[in-house]
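A short write-up of the structure that comes next.
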Amino acid sequence: MTIKQLGGVFGRNPTFNNVTIEGTLTFDGDIDINSDLTIEDNLYVLGSVGIGNTSPATALDVTGSVTADDSSSADSTILTLANSYTTDAAGDSSEIMFQHYRSYSPSVTDSAFIKATKTQAWDATADRTSKLEFGTRNGATEPETRMTIMPDGSVGIGTTLPALAGGGTGLHINATSYPELKFTNSTTGTGAADGSLLQSSGNNFTIQNREAGSITFSTSNTLRATLDASGRVGIGTSSGLFDILTVDDTNPKISIRDSGVERAFFEVDSSDNFVINNKSTSAMIFETSDTEAARIDLSQNLLVGGTSVGDSDSCAIESYGGITIARASGVGRVNMTFTNGGATVGTITTTASATAYNTSSDQRLKENIADADDAGAKIDSIQVRKFDWKADGSHQDYGMVAQELLEVAPEAVNQPQDPEKMMGVDYSKLVPIMLKEIQSLRARVAQLES
């Protein structure tokens, strides 16, 4: 049934109850429907439609809830919103605006929106692209765009033009300060201090786990590194972290590079040796409190207290095996100190022209001091030998054999606890015996002369 210009038949503003229209209804006046209206074909309304109210402010004004349902297929379009006005230019948009009613100043206020916008001009041949924006209100200003989905699927939060490295598709978060991506679950809780987050502040980027747990890094579905709750780092492991940095691998290596070139590395090699390698053409320097304490130079000399062999107040263990101890000029400069059990037992001192080898002899270290016995018997018992050295065949005219001297003057013989190790003789320990014998001879000579 087709009804046109009903004013003459039903009156200008008719009211219908339980009406079924099987054809097309075109109506240009007001119509009140107090009960059911069934349209089995098309309904054309040239004015406004109010559902739940009698004073529609827009083409369709609904007071109450709306349900859209299509049971015709499993994949169907339920609701289509179209803006038929277009310039075919970039920037044309269709928008859904959400409003709230203000009781203190009766009116509606925009509070949020969803807007689809063309991002380039549309014509018969060009590609057609568009973006989708979501906006909310935050204060007295009108709603602003909070999130944008670009034509390629990139998402911008806090920016309408997400810019990603390499032009890829992803998520770009922007904020005036502290843009943040936060993760929580049922274990962490959902409070401000819970969960984990990615955050940017100024030029700094933060990865933060606010729980008492770890941060792990994986590639190829394999754990590569762990930062545990105590701030310890494990590379290749997540357990047994007892130090600040733990590297666990078959032959673990830490490489230090400059512009892609390896300059140095730490490594445990295949023979389980710990290797520190400086691959650059410069010295390896060790510092304490920002001051150089030692170095290994390019000649493989170990220098402590200086930058070259022979520097004042320095010690050098040279690559050929020699040791150079250099002191600033002065009297009684100690070049080397020997201790045993924490007590000093000897020193090597120098002056500008001489070196002294000193053994402990201070009176404060001794007791039961008395004149020594006659040394004649010991002197006579010492066997002074001549012999050849097996190592190089060299001949020595005067010397002693440690095993023979041990029976006479054991204090002059070094006898290792390991019997397989070689004994040695300290000839300086024989000097007091010889002095005692010289004194005795002088006394006898003096007696004979008198």
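Derivation of every value follows stated rules applied to the coordinates shown; laboratory data play no part. It should be emphasised that the depicted structure is a prediction, and the values quoted were computed from it without experimental measurement. Cβ: placed from backbone, ideal geometry, glycine included. Neighbour counts: every protein chain shown.
General observations
- Compared with the dominant Cα axis of the chain, that is its longest principal axis, helix 431-449 is turned about 20°.
- Sequence-distant residues sharing a close amide H with R146 (under 5 Å, placed H): F134, G135, T136
- If you run the Gaussian network model on the chain, springs between alpha carbon atoms under 10 Å, then out of S186, S394, S312 the most flexible one is S394.
- Using the Cβ of T349 as centre and a radius below 13 Å, the other residues enclosed give a net charge of +2, where K and R count +1 and D and E count -1.
- Near T58, once Lys and Arg are set to +1 and Asp and Glu to -1 for all other residues with Cβ below 14 Å from its Cβ, the sum equals -3.
- Separation between Cα centres of region 113-132 and region 152-207, rounded to whole Å: 27 Å
- Sequence-distant contacts, meaning Cα pairs under 8 Å at least 6 residues apart, place the relative contact order of region 372-450 at 27 percent.
- Each residue of region 183-191 was assigned a 3J(HN,Hα) from its phi angle through the Karplus expression (A = 6.51, B = -1.76, C = 1.60, θ = phi - 60°), giving 10, 9, 8, 5, 7, 6, x, 10, x Hz with x at Gly and Pro.
- For V425, distant residues with modelled amide H under 5 Å away: N414
- Mean separation of Cα contacts under 8 Å (6+ apart) over length of the chain, as relative contact order %: 3 percent
- Helices in the chain, meaning DSSP H runs of at least 4 residues, each add -39500 (n - 2.57). Divided by all residues, the mean residue ellipticity at 222 nm is -2000 deg cm²/dmol.
- Largest mean-square fluctuation among D290, D388, D88, in a Gaussian network model of the chain whose springs join Cα atoms under 10 Å apart, belongs to D388.
- Distance violations [Cα-Cα > 21 Å] among K378/K436; K115/K182; K378/K421; K390/K429; K366/K429; K118/K182: K115/K182; K378/K421; K390/K429; K118/K182
- Karplus (6.51, -1.76, 1.60) ³J(HN,Hα), θ = phi - 60°, over region 157-169, in Hz, Gly and Pro reported as x: 10, x, 9, 8, 10, x, 10, 10, 4, x, x, x, 9
- Working from Cα pairs under 8 Å separated by at least six residues, relative contact order for region 141-248 is 11 percent.
- Taking the empirical scaling 2.2 N^0.38 Å for compact globular proteins as reference, the chain has a Cα radius of gyration ratio of 2.22.
- GNM result for the chain, Cα springs below 10 Å: residue of I433, I348, I244 fluctuating most strongly: I433
- For region 325-341, backbone phi angles converted through the Karplus equation (6.51, -1.76, 1.60; θ = phi - 60°) give residue-by-residue couplings of 10, 10, 10, 5, 4, x, 9, x, 6, 7, 8, 8, 10, 10, 10, 9, x Hz, Gly and Pro being listed as x.
- Amide H contacts under 5 Å for I173, placed H, 5+ residues apart: I157
- Exposed loop sites, defined as GluC sites (Glu not before Pro) outside DSSP H, G, I, E and B with at most 11 other Cβ atoms within 10 Å, are absent from the longest region of the chain, namely 41-366.
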